[in-house]
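K.L.:
Right, I'll just put the structure down here and ask away after.
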Amino acid sequence: MVNLTIDDKQVSVPKDATIFDAAKAAGIRIPILCHDKKLHPFGGCRMCLVEVEQMKGRQIPACTTPVTEGMIVRTQTDDIIKARRMVLELLLLKHPIDCPVCDAAGDCDLQNLTYEYKVNSNRFQDEKFSHSIDYENPLIERDMNRCIHCGKCARICDEIVSFGAYTFISRGIEAKMGTQFDGPLNCEFCGSCVSVCPVGALISRPFKFKARWWALDKVKTVCSYCSTGCNLTLGVKDNKVLTTIYDENQGWHNGQLCVRGRFGYQIASSDKRLTTPLIRKNGKLEAASWDEALTLVAQNLKKAGAAAAGLVTPRLTNEELYLFKKLFKDALGSDSIDHSAGYAHSALTAGAAESLGYPASSATIADIQKADLLLVVKSDAYETHPVIGFEINLGVKRKDVDLRIVSDKKGKLTKLPKAVTYLHKPGCEVSLLNALAKTIIDENLVDAAFTGGVAGLDLLKKGLEGYTPEKVADACGIKADAIKTLARDYAKAGKAVILLPIGLGYPGHGKELAQAVINLSLLTGKIGKEGCGVLIMAEKNNSQGAVDLGLYPTAGGKDAGAIIDGCAAGTVKALYLAGENPLVSYPNQQKIAAALAKVEFLVVQDLFLTETAAKAHVVLPACSFAEKDGTYTSVERRVQRVNRAIKPMGLAKSDFDILNALYTALTGNAAYANLAEAFTAITAAVPAYKGLTLQGLGENGVVVHTPSKPKFVAVAGAAPRAEEGKFALLTGSALYHCGTMSLHGEGPMHVCPEGYLELGREDAKALKLEGDELLTVTSATGSVKLKAKIGLRMPQGVVFAPYHFAAQPINSVTAGDAVTLVTISR
Amino acid sequence: MFTPVPLIKGLLITLKHLFMKPVTLQYPDEKVAPFPRFRGLHALNVSHNRSKCVACYLCPTVCPAKCITVEAAEDDKHDKYASKYEIDLLRCIFCGYCVDACPVDALKMTSAYELASYKRDDFVFTQERLLDKR
């Protein structure tokens, strides 16, 4: 620690702190334009000038000067104020003072400082800039005339997002923040640059001219797309969510968001939302009252009794999921409930539950940056969880984390500096991980002290016998030496985390893969310690909550697959779908459609009239995350509070209210009087959540842990499927979407409006493709027409398609296998 | 004891006033000419055949009676303009803060004070009615 004096205040700060950090710690505000706490110091704006007694007469920037022992700093002398006013005068010389029409006004650092330092006139005179404004893209408007050259956009894009869309171009007075060849912006559109821009040079187009900053109510809540659990501040006006607001002090991710979180908020106030219950009359869905709809649903559910089944989306809050389970178990006596098609979370519900003793990840997101080595299974970890991807970027670039990727295709992560990618044939992840485990055992790299306390090592050794690197090498297309090197590096790394994304688009990422991954970390003892463990990244905002609360059959009931079969066979009499859209997101669309058409009574409770809801007998309008209170559990088991920002749309009710009303209709009593009571019931029933209180969760939530009972489970890897002349189709998540809900967010749809088939250059050449031709993809299950997208990511013979899109349903060719063999024709 | 003196004094005053110029005006036949800085009905200044208002929202922000509704929109040239500008005169207290706040001199207050109407709706002045058409 270093001791210094700032404005007569004594402070003690770590030796790597700057004067700016020290002042912040002492509660002294130093004005600054080019600083964000997530970024490296820049020293570009010269607003943070201070005087240090030891460097008499010189004014030095606080943000780039490290502290030294005994420093005496003054931040508010007359000379400094004079200097800062001159800095502002010079900035205002070129800045078009168009505050009345600039969306940043009110939240503009330059405006605030100009006001604070009373810069009313300017001693200098010059012409303003006349750069052309970039209106080309639908999300980010770039007006470089307003730019003050703080460089924050370029730095955040490079340091955290690792995209590098911006850089300063030209020199001297002509210098400006430019893009590739000074053309229009073409990037990931995460909007990080917009969030850090201190002025209005970069603004959000969906929010352009919608409201002034001071008129917005700021409501802190949690994002409802992926399971990263990013905290979010919604800007609300007149009962409408108009934007998301950046707060560098919010959450562990310091306010950093991805394209879905930042620009996909329109689901809350969309015109397309359901606003009234609908009942099918004479084959058509017609508006009805809540009484009518609920009575009809209750009647039919009662009639079905134990033959009723429910599929629920893990986007609901913990309280709602728990109530859903209670409704089926207590009121209907049915155990046939499931979520996310059953398979999407089997890595947690079956894999981790058996191997670790609890159905959750052992690592937290903070472990990523603390690790020495990071093993990512599938490069898709960036696409499914972009903000965790930013953590990986930061780990690799700042903490020198050794990044290894085992993947069937390349991706953004494989482009990171020093990242090593092991590109394998599709569908042989388990064999490959088994070969790694086998190498670790054979080369005696096992952490004997740790594995001594873990059951099943002998069984594992036996199970791994057939998985020598040499044997696996041929099947998976990676050299045996490479497999051995990876195994050695992983075993020898001091701390290592394994990341495994799972979800509806990844049928291969199930129980076996999770257990193979956990075996690896158990063998080397890299679990249960800081910077070590396995992070199984489930898909949706409350996936971990659904798993923790046991939203799957536990007493012999039907799982999702059996429920669909039961609908087709007539053993399921009534199907209750809460937020699920199986017609688009479950594999084998034809089978799902046939099953849904057969079931006697179908209720869909959703935000929008989804493809599935359009087939229902009764549709109940539910509330989005912005309209309700409750809790979500993120991927690292952080239980966080969701806060209501707006009133429900039209007659829509929160899922909690709907389920509670149904429970009352079926049993005569309400299940819970309020959310708090439901939360208390959860804490009593779920051991991991014991002792939590709603108030105790605070703003940042609480990470819950459970003691581990690890055990080795030998798993068998499937042989990769291949056929001459056929392509291996992989499904998954596109960077801009999450599930099927983001299709109703305008931001993501501006950038990625339709499905596509991504294929490599060699294959495109062989098929004589030039650009975005329409291709017919055919499998044994069915066929679909998709636009071609030629890129550098896909190896030869492998194609990729995102599963989100209803208009181009890739699930009409899939049948729930990790890899689907398809033929492609024009 | 009764003395007629106060009564006579009073009657004299009355008599005097009979021959003085009246202080009341015969409204509506006669009308008061307002002072130059009188704050009457608002008007939106016009430039290039459209309102000068850039929809900066400063007037609804400063308005103590919350009687101004503005909605901004983007025009063909990507510029900001007021797609809706309404003043609810039933709420307006004619303080003139809106005129003070306007950064582009788009709003002024005229001398019009005859603002009575038969219907409540007629007191909501839309942008079209507020435009200074001279």
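Every read-out reported here was derived from the displayed coordinates using simple, explicitly stated rules and does not represent laboratory data. A quick note: this is a predicted structure, and the numbers were derived from the prediction, not measured. Cβ coordinates were reconstructed from backbone atoms using ideal geometry, including for glycine residues, and neighbour counts include every protein chain displayed.
K.L.:
Apply the a/c threshold of 1.5 to the C-alpha gyration tensor of segment A:2-76 and tell me whether it is rounded, prolate or oblate.
P.N.:
oblate
K.L.:
By how many degrees, 0 to 90 and rounded to 10, does the Cα axis of helix A:675-685 deviate from the longest principal axis of chain A?
P.N.:
The angle comes out at about 60 degrees.
K.L.:
Given a Förster distance of 25 angstrom, what is the FRET efficiency for B:E128 paired with B:A101, based on the Cβ-Cβ distance and rounded to 0.05?
P.N.:
Details: r = 22 Å, r/R0 = 0.89.
It comes to 0.65.
K.L.:
Just name one of A:V161, A:G557, A:L523: the one whose Cα is farthest towards the positive end of the charge dipole of the protein assembly as shown (beta-carbon charges, Lys/Arg +1, Asp/Glu -1).
P.N.:
Towards the positive end, the residue furthest out is A:V161.
K.L.:
Starting from one equal scatterer on each C-alpha and no solvent at all, send me the Debye-based log10 I(q)/I(0) for segment A:392-509 at q = 0.10, 0.17, 0.23 Å⁻¹, two decimals.
P.N.:
Summing over Cα pairs of segment A:392-509 leads to -0.33, -0.96, -1.42.
K.L.:
Could you calculate the FRET efficiency of A:N239 with A:A676 from 1/(1 + (r/R0)^6), where r is the beta carbon distance between them and R0 is 25 Å, rounded to 0.05?
P.N.:
0.50
K.L.:
On to the next question. In a shell of Cβ-Cβ distance under 12 Å around A:T179, excluding A:T179 itself, what net charge do Lys and Arg (+1) and Asp and Glu (-1) give?
P.N.:
Local charge sum for A:T179: -1.
K.L.:
What does the charge count around B:T69 come to, taking other residues whose C-beta lies under 10 Å from its C-beta (Lys +1, Arg +1, Asp -1, Glu -1)?
P.N.:
Combined, the nearby Lys, Arg, Asp and Glu give -1.
K.L.:
Another question, then. What share of Cα pairs, in percent, lie more than 24 angstrom apart in segment A:188-310?
P.N.:
46 percent
K.L.:
Here is a further query. Compute the angle between helix A:78-94 and the longest alpha-carbon principal axis of chain A, please, reported from 0 to 90 degrees and rounded to the nearest 10.
P.N.:
Helix A:78-94 sits at roughly 70 degrees to that axis.
K.L.:
Describe numerically, in nm with one decimal, the distance between label points set 7 Å from Cα along Cα→Cβ at A:E292 and at A:K690.
P.N.:
Going by the 7 Å Cα→Cβ label model, 5.0 nm.
K.L.:
With a sphere of radius 11 Å drawn around the Cβ of A:T349, what net charge do the other residues whose Cβ falls strictly inside it have (Lys, Arg +1; Asp, Glu -1)?
P.N.:
The answer is -3.
K.L.:
What is the P(r) of segment A:270-360, as percent of Cα-Cα pairs per 5 Å bin from 0?
P.N.:
3, 11, 13, 17, 21, 15, 8, 6, 4, 1, 0
K.L.:
Which lysines have a Cα lying under 19 Å from the Cα of A:K418, excluding residues fewer than 8 positions away in the same chain?
P.N.:
Candidates past the 8-residue exclusion: A:K370, A:K378, A:K397, A:K399, A:K409, A:K410, A:K484, A:K492, A:K495.
K.L.:
Let me ask something additional. Taking Cα pairs under 8 Å and at least six residues apart, what relative contact order does segment A:727-825 come out at, in percent?
P.N.:
The normalised contact order for segment A:727-825 reaches 41 percent.
K.L.:
Another one. In debye to the nearest 20, how big a dipole does segment A:345-539 give about its Cα centre with +1 on each Lys and Arg Cβ and -1 on each Asp and Glu Cβ?
P.N.:
For segment A:345-539, the charge dipole is close to 500 debye.
K.L.:
Relative to the longest principal Cα axis of chain A, at what angle does helix A:560-569 sit, 0 to 90 degrees, rounded to 10?
P.N.:
40 degrees
K.L.:
Also, I was wondering about something else. Let's see if you can work this out: charge +1 on each Lys and Arg Cβ, -1 on each Asp and Glu Cβ, no other charges. What is the dipole magnitude of the protein assembly as shown about its Cα centre, in debye to the nearest 20? It would help to have the intermediate numbers written out before the result.
P.N.:
Values: 113 positive and 103 negative charges, 230 e Å.
Result for the protein assembly as shown is approximately 1100 debye, rounded to the nearest 20.
K.L.:
Please work out the FRET efficiency for the pair A:S12 and B:K84, using the Cβ-Cβ distance as r and a Förster radius of 51 Å; give the result to the nearest 0.05. Let's see the in-between values first.
P.N.:
Working: r = 56 Å, r/R0 = 1.11.
The value I calculate is 0.35.
K.L.:
Putting +1 on Lys and Arg Cβ atoms and -1 on Asp and Glu Cβ atoms, find which of A:G505, A:S170, A:T451 reaches farthest to the positive end of the dipole of chain A.
P.N.:
The listed residue farthest towards the positive side: A:S170.
K.L.:
Based on DSSP, what percent of beta bridges with both residues in the protein assembly as shown are antiparallel, to the nearest 5?
P.N.:
60 percent
K.L.:
Could you run the Karplus curve 6.51 cos²θ - 1.76 cosθ + 1.60 with θ = phi - 60° over segment A:110-116 and give me ³J(HN,Hα) per residue in whole Hz, x for Gly and Pro?
P.N.:
These are the phi-based 3J(HN,Hα) values: 5, 5, 4, 6, 4, 5, 5 Hz.
K.L.:
Which part of segment A:795-823 falls in the paramagnetic zone of A:A718, meaning amide N under 12 Å from the point 7 Å along Cα-to-beta-carbon?
P.N.:
Residues passing the 12 Å test: A:815-821.
K.L.:
Let a ≥ b ≥ c be the square roots of the eigenvalues of the Cα gyration tensor of segment A:436-505; is it rounded (a/c under 1.5), or, if not, prolate (a/b larger than b/c) or oblate? Could the numbers behind the result be given before it?
P.N.:
Numbers: a/c = 1.36, a/b = 1.18, b/c = 1.16.
Note, shape of segment A:436-505 comes out rounded.
K.L.:
For A:S336, list long-range residues whose amide hydrogen, built 1.01 Å from N in the peptide plane, is under 5 Å from its own amide hydrogen.
P.N.:
Sorted by chain and number, the residues that satisfy this are A:K558.
K.L.:
Evaluate the relative contact order of segment B:67-134 (contact order divided by residue number), counting alpha-carbon pairs under 8 angstrom at least 6 apart; express in whole percent. Don't skip to the answer; put the middle values down first.
P.N.:
Numbers: 62 pairs, mean separation 20.9, N = 68.
Reported relative contact order: 31 percent.
K.L.:
Oh, and also: Whole angstrom only: what separates the Cα centroid of segment A:352-412 from the Cα centroid of segment A:268-328?
P.N.:
Value for the Cα centre distance between the two parts: 38 Å.
K.L.:
Right, next: ³J(HN,Hα) across segment A:266-281 via Karplus (A = 6.51, B = -1.76, C = 1.60, θ = phi - 60°), whole Hz, x for Gly/Pro?
P.N.:
5, 4, 6, 10, 6, 5, 8, 5, 6, 10, 8, x, 10, 10, 6, 10
K.L.:
Per-residue counts of other Cβ atoms within 10 Å, averaged by peptide: what ranking do you get for A:797-804, A:665-672, highest first?
P.N.:
So the order, starting with the most tightly packed, is A:797-804, A:665-672.
K.L.:
With a point put 7 Å past each Cα toward its Cβ, work out how far B:L18 is from B:D76 in nm, to one decimal.
P.N.:
About 7.4 nm separates the two model spin labels.
K.L.:
So what are the three principal axis dimensions of the protein assembly as shown from its Cα atoms, in whole Å, longest to shortest?
P.N.:
Each principal axis gives a Cα extent; for the protein assembly as shown these are 130, 82, 68 Å.
K.L.:
Using only the alpha carbons of segment A:727-825, determine the length spanned along each of the three principal axes and report them from longest to shortest in whole angstroms.
P.N.:
The Cα atoms of segment A:727-825 stretch 37, 28, 20 Å along the principal axes, largest first.
K.L.:
Rank-order A:259-266, A:157-164 by packing density, defined as the average count of other C-beta atoms within 10 Å over each peptide's residues, highest first. Spell out each step's value before the answer.
P.N.:
Values: A:259-266: 27.1, A:157-164: 19.6.
Ranking the peptides A:259-266, A:157-164 by packing returns A:259-266, A:157-164.
K.L.:
Also, quick follow-up: Take the alpha carbon gyration tensor of segment B:57-99, find the square roots of its eigenvalues, order them as a ≥ b ≥ c, and report rounded if a/c is under 1.5; if not, report prolate when a/b exceeds b/c, else oblate.
P.N.:
Working: a/c = 3.58, a/b = 2.39, b/c = 1.50.
Note, shape of segment B:57-99 comes out prolate.
K.L.:
A follow-up question, please. Measuring from the lowest to the highest alpha carbon on each principal axis, how far does segment B:1-121 reach, largest first, in angstroms?
P.N.:
Principal extents (largest minus smallest coordinate, Cα): 87, 30, 29 Å.
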